[in-house]
Amino acid sequence: MFPENKWWAIAESKTIRNKPIGLRRLGEDLVLWRDLNGQIVCQSSLCAHRRANMALGRVNNGCIECPYHGFRYAPDGHCTFMPCEGKEAHISPKMRIKTYVVREEHDLIWLWWGKEQAEYPPIPWFAHLLDRPMRWASGAVDWNVTFTRTAENLLLDIHHFSFLHRGVANFFSLTSYTLLEIDEQRKDDDFFYFSGRLLPEEAGSDKESKERFPLFQHWLRFPNMGLLDLAFGGMEFLVIVTPIDEENTWAYFRYYAQYINTWISRWMSRLAAWIEINFILPDDYKICLSLQPRHSSLSSLSLNKFVPADEGIIIWHKQYDSLLHSEESIEGSDQQVVGADSETFAK
Ligand code: FES
Ligand SMILES: [Fe+2]
């Protein structure tokens with residue numbers, strides 16, 4: 001079960017060209033393709049006839065054609081041709097495949113997961129990222145890790161950096177930056193905002209000494225998108241986490257760079273993405289595979305002994321639980337989710 005009536009990013013635009021592509025997202029087997037106008041179409045990949053995988057087929061004359069007996073389906077899902085019955089055959093309206101509402105924005109494909117609506121809300125995004133074409137590089141992984149565990153690791157847990165990613169931290173001389181100090185934390189609509197510093201223990205306890213260290217800023221667009229301003233050479237790290245199914249998760253990231261020169265930004269973001277995919281995410285994946293239980297939830301949090309640095313994880317789980325179980329409880333849950341009570345932490 002995943003939160004409904006929301007847009008989920010399911011793929012990067014450039015991955016869908018002329019051929020149908022099969023994807024599994026939110027527990028559904030999907031096929032994505034482009035119609036004659038280049039518009040993205042997203043449908044169930046199961047052919048209505050004998051349920052072959054349409055992703056193995058091809059696009060033919062603005063329709064998707066099943067590889068098994070050549071039945072063709074239009075972008076709205078209805079069958080337009082059944083070769084074995086001939087051109088004049090009556091085609092039952094039941095001979096159709098499920099078609100999903102999709103949009104293409106910010107070089108991503110977004111699937112509407114929920115009831116069809118007369119008007120859909122805007123695609124969730126981080127407004128200040130709009131103006132930076134060609135200044136980012138991306139990557140994606142499929143993890144055999146649950147959605148909640150992936151979200152915990154990639155969106156919320158900052159203080160593992162110097163330990164789990166020791167090699168990278170060492171390279172950037174950040175190994176001693178183990179202390180997490182949150183500077184500000186607030187909730188604006190469906191954003192959580194955190195700012196803070198990772199500090200070495202010897203930074204000193206007075207405000208001035210601490211302020212010599214860079215302040216990171218983290219916007220979390222609930223429940224599955226995060227934007228971390230690393231306070232490191234103008235780099236920002238965007239992460240989007242989407243369930244493949246109950247056991248697996250697709251994680252997509254971008255590094256944005258904002259150096260004066262577009263070319264330098266492009267190459268710096270590519271370098272950062274290369275480091276992420278080759279040195280950082282493999283460590284995260286290995287540790288996430290080891291976490292018990294595999295499925296984390298609000299009720300399983302009591303198995304942990306949390307410390308204050310983990311507060312973001314608790315906040316996220318409370319909000320996520322509300323979202324899953326009742327729309328109404330989200331309305332009144334502000335007090336409950338912002339600022340976890342001290343009883344939650346291990347003493
Ligand atoms: S299974 Fe698709 S045409 Fe027969
Ligand atoms: Fe990590």
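Charges only on Cβ, +1 for Lys and Arg, -1 for Asp and Glu: so what's the dipole of the chain about the Cα centre, in debye to the nearest 20? Before the final figure, lay out each step's value.
Values: 36 positive and 46 negative charges, 330 e Å.
It comes to approximately 1580 debye.
Please sort by residue number the GluC sites (Glu not before Pro) in segment 76-139 whose DSSP state is loop and whose Cβ has at most 16 other Cβ atoms within 10 Å. Let's see the in-between values first.
Working: sites: Glu85, Glu88, Glu104, Glu105, Glu116, Glu119; in loops: Glu88, Glu116, Glu119.
Sites meeting the loop and neighbour criteria: Glu88, Glu116, Glu119.
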Any idea what angle helix 311-325 forms with the longest principal axis of the chain, computed on alpha-carbon atoms, 0 to 90 degrees, nearest 10? 30
Highest mean first, how do 297-304, 180-187 rank when packing is the count of other Cβ atoms within 10 Å averaged over residues? 180-187, 297-304
Leaving ligands and nucleic acids out of the surface, order His218, His325 by accessible area at 1.4 Å, largest first. His325, His218
For Met235, other-chain or 5+-apart residues with amide H closer than 5 Å (H placed, Pro excluded) are Leu230
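How much length is gained on full extension from Arg132 to Ser13, taking 0.36 nm per residue of separation minus their Cα-Cα distance? Present the calculation step by step, with values, prior to reporting the outcome.
Values: separation 119, 0.36 × 119 = 42.84 nm, distance 1.68 nm.
This chain segment gains 41.2 nm when fully extended.
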Solvent exposure of the chain as accessible area per residue, Å², 1.4 Å probe: 52
Tell me what the chain gives for mean residue ellipticity at 222 nm when only DSSP H runs of n ≥ 4 count, each as -39,500 (n - 2.57), the sum divided by the residue total, rounded to 500 deg cm²/dmol. -5000 deg cm²/dmol
Running a GNM on the chain with Cα contacts under 10 Å, which residue among Val168, Val41, Val145 ends up with the highest mean-square fluctuation? Val168
May I ask you to evaluate 6.51 cos²θ - 1.76 cosθ + 1.60, the Karplus curve with θ = phi - 60°, for each residue of segment 281-287 and list the ³J(HN,Hα) values in order in whole Hz, giving x for glycine and proline? 4, x, 5, 4, 4, 4, 6
Search the structure for amide H atoms under 5 Å from the amide H of Ser45, placed 1.01 Å from N in the peptide plane, and list their residues when 5 or more places away or on another chain. Asp29, Leu30, Val31
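Quick check on my link table: of Lys286/Lys318; Lys94/Lys318; Lys187/Lys305; Lys6/Lys210, which ones sit more than 32 Å apart, alpha carbon to alpha carbon? Walk me through the numbers before you get to the answer.
Details: Lys286/Lys318 26 Å; Lys94/Lys318 42 Å; Lys187/Lys305 25 Å; Lys6/Lys210 40 Å.
Flagged as over cut-off: Lys94/Lys318; Lys6/Lys210.
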Gaussian network model of the chain, springs between alpha carbon atoms under 10 Å - residue of Ala11, Ala231, Ala127 with greatest fluctuation: Ala127
Counting each pair of different Cα atoms once, what's the Kirkwood radius of segment 127-344 in Å, rounded to one decimal? 18.3
Just grab the label-to-label distance for His90 and Ser297, each label 7 Å out from Cα along the Cβ direction, in nm (one decimal). 4.8
Report ³J(HN,Hα) in whole Hz for each residue of segment 170-178, in order, from the Karplus equation J = 6.51 cos²θ - 1.76 cosθ + 1.60 where θ = phi - 60°; Gly and Pro get x. 4, 4, 9, 6, 10, 4, 7, 7, 9
With a Förster radius of 56 Å, plug the Cβ-Cβ distance of Arg166 and His69 into 1/(1 + (r/R0)^6) and report the FRET value to the nearest 0.05. 0.50
Test of understanding: in a Gaussian network model of the chain with alpha carbons linked when under 10 Å, which of Ile244, Ile260, Ile64 would top the mean-square fluctuation ranking? Ile260
12 Å cut-off, amide nitrogen to a point 7 angstrom out along Asn60 Cα→Cβ, residues in segment 77-113: 80-87
Protection proxy (average C-beta count within 10 Å per residue), highest first, orders 274-286, 151-163 as 151-163, 274-286
On the protein heavy atoms, probe 1.4 angstrom, tell me the percent of accessible surface of the chain carried by carbon and sulfur. 53
Taking only Cα atoms, what is the 0 to 90° angle, nearest 10, from helix 262-275's long axis to the longest principal axis of the chain? 90
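The values are calculated or read from the model by the stated rules, or taken from the named source; none is laboratory data. Just so it is clear, the structure is predicted and the values come from calculations on it, not from any experiment. Cβ atoms come from the backbone with ideal geometry, glycine included; neighbour counts cover every protein chain shown. All accessible areas refer to the heavy atoms of the entire protein, side chains included, with ligands and DNA or RNA removed. Shrake-Rupley method; radii C 1.70, N 1.55, O 1.52, S 1.80 Å.
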